[in-house]
1. Which order do the peptides 29-36, 204-211 take when ranked by the mean count of other beta-carbon atoms within 10 Å per residue, highest first?
2. Helix 90-103 against the longest principal axis of the chain: what's the angle in degrees, Cα atoms only, rounded to the nearest 10?
3. Between ASP170 and MET14, 0.36 nm times their residue separation minus their Cα-Cα distance comes to what?
4. Using the Cβ atoms and a cut-off under 11 Å, what net charge is assigned to the surroundings of ASP16, where Lys and Arg are +1 and Asp and Glu are -1?
5. Using alpha carbons only, how many angstrom separate the centre of segment 74-120 from the centre of segment 142-209?
6. Given the options LEU15, PHE115, PHE133, identify the residue whose Cα lies farthest towards the positive end of the charge dipole of the chain (+1 on Cβ of Lys, Arg; -1 on Cβ of Asp, Glu).
7. Could you tell me the number of lysine pairs in segment 164-220 with C-alpha atoms less than 21 Å from each other, where the two lysines are 8 or more residues apart or belong to different chains?
8. Any idea what the alpha-carbon Rg over 2.2 N^0.38 Å comes to for the chain?
Amino acid sequence: MEKTILSYDDLLEMLDDYLREPKEFWEGFYEDKTKDIPFFKVTGPDENLMEYFDKGLKPKKVLELGCGPGRNAIFMAKNGCEVDALDISENAISWAKERANEEGINVNFHCTSLFDFEIKSHSYDFVYDCGLFHHLAPHRRLTYIEMLKKALDKDGHFAIVCFNTDGAIDTPDWEVYRQKSLNRGLGYTEKRFKEVFENDFTIKDFRTMKKVSQPNEKFGEDFLWTSLMQVNN
Ligand SMILES: C[S@@+](CC[C@H](N)C(=O)[O-])C[C@H]1O[C@@H](n2cnc3c(N)ncnc32)[C@H](O)[C@@H]1O
């Protein structure tokens with residue numbers, strides 16, 4: 001529907017229209033669970049997330065963005081966290097619920113886009129995203145960061161796993177709209193990654209994810225960055 005641009009939301013919607021519709025794409029992505037996708041076969045958490053917990057991060061209330069089949073949400077719930085885990089795909093959420101039920105673990109799963117999720121201000125002490133952010137269009141990053149700042153309490157931590165330039169092409173922002181494509185996700189250079197987050201967060205840890213050979217209790221691929229940050233007050 002083409003409407004007059006009267007608000008910033010209208011502008012964002014217009015720009016969304018240049019790119020693929022995320023819900024349709026992700027429902028299709030999860031239709032075949034036997035596909036050769038690195039994180040489909042692994043039920044354990046990210047190696048960096050395990051490391052944060054081993055080193056003493058002990059969040060009480062967690063929001064996970066783009067939880068997919070629930071590996072990380074289930075790990076955090078097993079470690080005593082109350083977890084709200086959201087994903088835009090119904091197929092992903094029902095897979096995650098199946099896994100959590102099999103393990104007898106309670107996670108509050110929500111099937112919604114992160115941009116439609118009602119957040120109570122400053123109600124989480126940890127927000128985690130493995131693999132969603134690099135699929136966001138550049139014009140959605142600002143709302144993403146506003147959402148993180150709204151969700152986190154004043155000492156809250158945010159951690160993220162996202163493509164480095166071995167994981168995906170470093171397509172410049174303006175080129176995304178010229179090509180009308182995210183090229184299957186944006187590959188972030190260290191510079192671009194830090195430019196995006198450094199105004200609002202203090203980066204406590206930033207490194208390449210460690211590759212973990214499977215089968216293993218944890219997940220890791222070296223075409224991804226991992227980072228732990230604390231929101232600036
Ligand atoms: C690469 S997958 C990662 C899944 C999971 N975090 C994991 O590592 O096992 C990215 C996930 O983000 C979800 N996603 C993409 N855009 C989203 C949005 N706007 N709101 C909520 N979830 C979204 C997709 O459905 C998908 O499950």
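Taken together, the values in this text are just the output of simple stated rules run on the coordinates, not laboratory data. Because the structure is a prediction, the values reported are computed rather than measured. Ideal geometry is used to build each Cβ from the backbone, glycine not excepted, and the neighbour counts take in all protein chains shown.
1. In descending order of packing, they fall as 204-211, 29-36.
2. Value to nearest ten degrees: 10.
3. 53.8 nm
4. -3
5. So the separation of the two Cα centres works out to 22 Å.
6. Of the candidates, PHE133 comes out farthest on the positive side.
7. Close lysine pairs found across segment 164-220: 5.
8. Dividing the Cα Rg of the chain by 2.2 N^0.38 Å gives 0.98.
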